[in-house]
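> Structure in structure tokens, see below.
All of the numbers you see were taken from the coordinates with simple rules; none came from a lab. Values in this document were obtained by computation on a predicted structure and should not be read as measured data. Don't worry about glycine lacking a Cβ; one is built from the backbone with ideal geometry, like all the others, and counts go over all protein chains shown.
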Amino acid sequence: MLVRFWGVRGSTPTPQAENLRYGGNTSCVEVRIGGQIYVFDCGTGFRNLGKQLIQESNGAPISAHIFLSHFHWDHIQGIPFFTPLYSGKDSSFIFHSSNRTRGPQRAIEEQMSDPYFPVDMNEMAAQRKFYDINEGRVEFDQCTVTSMWLNHPQGCLGFRLETKDKVFVYATDNEPGHPQFDKNVRKLAEGADVLIYDAQYLPEEYEADRRGWGHSHWREAVNVVMESGAKELILFHHDPDHTDECIDSVVAKAREHYQRVRAASEGMEILL
Ligand SMILES: [Zn+2]
Ligand SMILES: [Zn+2]
């Protein structure tokens with residue numbers, strides 16, 4: 001299993017010099033298992049993944065399973081700019097997500113409707129399917145993906161991808177402090193080889209004025225990794241105002257409590 005980070009920033013892209021070592025594109029993580037591609041979220045990093053896939057495929061059809069945690073801009077904004085969706089009728093993209101008000105298909109398509117974008121999603125050549133997965137389990141040939149709700153305004157799904165010997169967990173946009181969701185995230189993360197977790201705020205920022213905004217901090221991330229028995233923690237969804245230096249200091253502090261911690265950076269790869 002190969003994990004690649006295409007976008008690691010939360011909320012909004014940050015193309016600023018002081019942020020570029022970790023990266024300014026919003027959430028997008030790719031997982032490859034054999035030849036199969038699984039994508040977790042389609043923030044602006046999704047655009048660069050698209051370019052890579054076009055280059056790699058050399059004209060052959062491309063297919064991927066795409067899991068969307070939720071529909072806030074920083075998790076969908078790359079979709080209109082993902083060129084494989086326009087590339088040919090033999091390519092296919094299967095979206096797995098859940099939306100309580102509109103359903104996942106409408107929620108995805110409406111971001112490209114008039115007057116928000118000049119090209120309608122129906123004009124995309126590639127085949128598209130949309131599944132409303134809610135909480136549950138999706139089975140593929142080489143893996144299964146389990147989804148559970150997290151604590152975030154308008155809802156957010158966390159995902160656990162399991163092969164026969166490895167476990168990858170993607171749990172972002174989650175605020176601590178709600179008994180059921182605190183339990184959900186620990187259950188998702190149980191014994192995982194790698195846990196990607198929301199560490200948007202500093203604990204002191206959270207305490208000061210960011211309760212109820214739907215995000216976590218590095219101290220809670222350390223709690224989750226230790227209490228769930230996950231092996232490695234990847235801090236993710238960095239705050240737009242956190243510079244590279246700030247993130248370095250967060251990693252150093254987190255390592256005083258748990259050794260295997262890194263902060264996600266654009267282009268980082270993990271081979272499991
Ligand atoms: Zn987000
Ligand atoms: Zn969100």
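> How much length is gained if the chain between residue 83 and residue 110 is pulled fully straight, taking 0.36 nm per residue apart and subtracting their Cα-Cα distance, in nm to one decimal?
Details: separation 27, 0.36 × 27 = 9.72 nm, distance 1.82 nm.
This chain segment gains 7.9 nm when fully extended.
> In addition: For the chain, what does -39500 (n - 2.57) per DSSP helix run (n ≥ 4), summed and divided by total residues, give at 222 nm, in deg cm²/dmol to the nearest 500? Show your work: numbers first, answer last.
Details: 7 runs with 64 residues, N = 272.
Value at 222 nm, helices only: -6500 deg cm²/dmol.
> Neighbour counts of other C-beta atoms within 10 Å: give me 98, 69, 113 arranged from fewest to most.
Working: 98 22, 69 27, 113 11.
Ordered by Cβ neighbours within 10 Å, fewest first: 113, 98, 69.
> Amide H neighbours of residue 263 under 5 Å, counting only residues 5+ apart in sequence or on other chains, H built in-plane at 1.01 Å?
Result for residue 263 returns 235.
> Stretched out fully, how many nm does the piece from residue 209 to residue 180 gain, at 0.36 nm a residue minus the Cα gap?
Numbers: separation 29, 0.36 × 29 = 10.44 nm, distance 2.31 nm.
Full-extension gain reported as 8.1 nm.
> Under 5 Å between amide H atoms, partner at least 5 residues away or on a different chain: which partners does residue 25 have, H built in plane at 1.01 Å?
The list, which skips near neighbours in sequence, is 8, 9, 14.
> Once the other residues with Cβ under 13 Å from the Cβ of residue 65 are scored (Lys, Arg +1; Asp, Glu -1), what is the net sum?
Numbers: positive: 32, 128, 129; negative: 30, 41, 139, 141.
Neighbourhood net charge equals -1.
> Also: Using the Karplus equation 6.51 cos²θ - 1.76 cosθ + 1.60 (θ = phi - 60°), what ³J(HN,Hα) coupling, rounded to whole Hz, does each residue of the range 242-251 give in order, writing x for Gly and Pro?
Per residue, the Karplus-derived 3J(HN,Hα) values read 8, 6, 4, 5, 4, 5, 4, 6, 5, 4 Hz.
> Could you tell me which of 131, 77, 108 has its Cα farthest along the dipole of the range 67-152 towards the positive end, charges placed at Cβ (Lys, Arg +1; Asp, Glu -1), taken about the Cα centre?
So the residue we want is 131.
> Post the alpha-carbon centroid distance, the range 1-22 to the range 188-225, in whole angstrom.
Comparing the Cα centres of the range 1-22 and the range 188-225, I get a distance of 17 Å.
> Of the candidates 208, 252, 171, which one comes out as most mobile in a Gaussian network treatment of the chain with C-alpha springs shorter than 10 Å?
Result: 208 has the largest fluctuation of those listed.
> Another question about this same structure. Show me, for the range 96-103, the HN-Hα J-couplings you get by feeding each phi into the Karplus relation (A = 6.51, B = -1.76, C = 1.60, θ = phi - 60°), rounded to Hz, glycine and proline as x.
10, 6, 8, 9, 6, 9, 10, x
> What's the whole-number percent of alpha carbon pairs in the chain lying beyond 34 angstrom?
Working: 4715 of 36856 pairs.
Everything past 34 Å amounts to 13 percent.
> Pull up the DSSP beta bridges for the chain and report the antiparallel fraction as a percent, rounded to 5.
Working: 28 of 57 bridges.
That works out to approximately 50 percent antiparallel.
> Which lysines does residue 129 reach when only Cα atoms under 24 Å apart count, and residues fewer than 8 places away in its own chain are ignored?
51, 89
> How far apart, in nanometres, would the label points at residue 154 and residue 127 be if each is projected 7 angstrom from Cα along the Cα-to-Cβ direction?
3.1
> Would you kindly derive the ³J(HN,Hα) couplings of the range 255-272 from the backbone phi angles with the Karplus curve 6.51 cos²θ - 1.76 cosθ + 1.60 (θ = phi - 60°), listing them in order in whole Hz, with x for Gly and Pro?
5, 5, 9, 8, 5, 8, 10, 9, 9, 4, 9, 4, x, 5, 10, 10, 9, 10
> Fully extended, how many nm does the chain gain between residue 165 and residue 135 (0.36 nm per residue separation, minus their Cα-Cα distance)? Each step should come with its number before you reach the end.
Numbers: separation 30, 0.36 × 30 = 10.80 nm, distance 2.29 nm.
Computed gain between residue 165 and residue 135 is 8.5 nm.
> Order these by the 10 Å Cβ neighbour count, fewest first: 28, 42, 156.
Details: 28 29, 42 32, 156 24.
With the fewest neighbours first, 28, 42, 156 line up as 156, 28, 42.
> Run the dipole for the range 2-264 about the Cα centre, Lys and Arg Cβ at +1, Asp and Glu Cβ at -1, nothing else charged, and hand back the magnitude in debye, nearest 20. Don't skip to the answer; put the middle values down first.
Numbers: 27 positive and 36 negative charges, 132 e Å.
Roughly 640 debye, rounded to the nearest 20.
> Around residue 88, which amide H atoms from residues at least 5 apart in sequence, or from another chain, sit under 5 Å from its own amide H, with H modelled in the peptide plane?
Placed amide hydrogens put 125, 126 under 5 Å from residue 88.
> Restrict the search to the range 114-213; then list the chymotrypsin sites (Phe, Trp or Tyr not before Pro) that DSSP places in a loop and that have at most 15 other Cβ atoms within 10 Å of their Cβ. Spell out each step's value before the answer.
On the way: sites: 116, 130, 131, 140, 149, 159, 168, 170, 181, 197, 201, 206, 213; in loops: 116, 140, 213.
Hits after loop and neighbour filter: 116, 140, 213.
> Cross-link candidates for residue 187: which lysines have Cα within less than 23 Å, leaving aside residues fewer than 8 places away along the same chain?
Answer for residue 187, where 23 Å is the Cα cut-off: 164, 166, 231, listed by chain and number.
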